[in-house]
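Structure, as C-alpha cells:
The values are calculated or read from the model by the stated rules, or taken from the named source; none is laboratory data. Note that the coordinates shown come from a computational prediction; the quantities given were computed from them, not determined experimentally. Cβ placement follows ideal geometry from the backbone for every residue including glycine, while neighbour counts extend to all protein chains displayed. In case anyone asks, the SASA skips ligands and DNA or RNA and just uses the protein heavy atoms, side chains included. Shrake-Rupley method; radii C 1.70, N 1.55, O 1.52, S 1.80 Å.
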Amino acid sequence: QVQLVESGGGLVQAGGSLRLSCAASGRTFNNYHMAWFRQAPGKEREFVAAISRSGGNTYYADSVKGRFSMSRDNAENTVYVQMNSLKPEDTAVYYCAANMFGLTSTPGGYNYWGQGTQVTVSS
C-alpha cells in the first residue's frame, strides 16, 4: 500500500491559478500510474487527469483540457496538477489516485487514494 497526501488546495478567484501536489510514500512510485479526480457536492466523482508511470503520457477530461496540466517528479515521489483559468464549476474536492496496471478514467480502476483537498473557485 502507498500513502498519498494532497496539498495546495484553497480559495481562488475565477480566472486564477492553483497548483495541487500529491506526495506518495513508498519505494516503487515509478511503477504507479497516477490520476486526479474531483467530486463536487451532490455529484459523482469525475476524472480530471492521468499520467503514465514515466510521465511520458498525459490525459485530460474534456472539461479541463487546455487549462490543466499534470506532471510528475519521480525523484521526489510527487505528482502535480497545474490548474489555470479556473472557473467556479471547478470547485470540488480533488483526490489523488494510483494504480500499477494502467491508465483509466474510471474511479474504480484505482486502488489507492488520498484524503482529498478542497478547491474553491469564487465568481
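Please check: in the Gaussian network model of the chain (C-alpha springs, under 10 Å), which one of Tyr95, Tyr112, Tyr80 has the largest mean-square fluctuation. Among Tyr95, Tyr112, Tyr80, the largest GNM mean-square fluctuation belongs to Tyr112. Counting every C-alpha pair in the chain, the share spaced more than 23 angstrom apart comes to 22%. Between segment 5-59 and segment 99-123, what is the C-alpha centre distance in whole Å? The two parts, judged by their Cα centres, are 6 Å apart.
Local charge for Thr91 was computed over the other residues whose Cβ lies under 12 Å away, with Lys and Arg +1 and Asp and Glu -1, and equals +1. Annotation: per residue accessible area for the chain equals 50 Å², rounded to a whole number [probe 1.4 Å, protein chains only]. With all protein chains in place and a 1.4 Å probe, the accessible surface of the chain carries 44 percent carbon and sulfur. Convex hull of alpha carbon positions in segment 33-91: directionally averaged projected area 4.3 nm².
Per-peptide packing, taken as the mean over residues of other Cβ atoms within 10 Å, places 48-60, 25-37, 99-111 in the sequence 25-37, 48-60, 99-111 from highest down.
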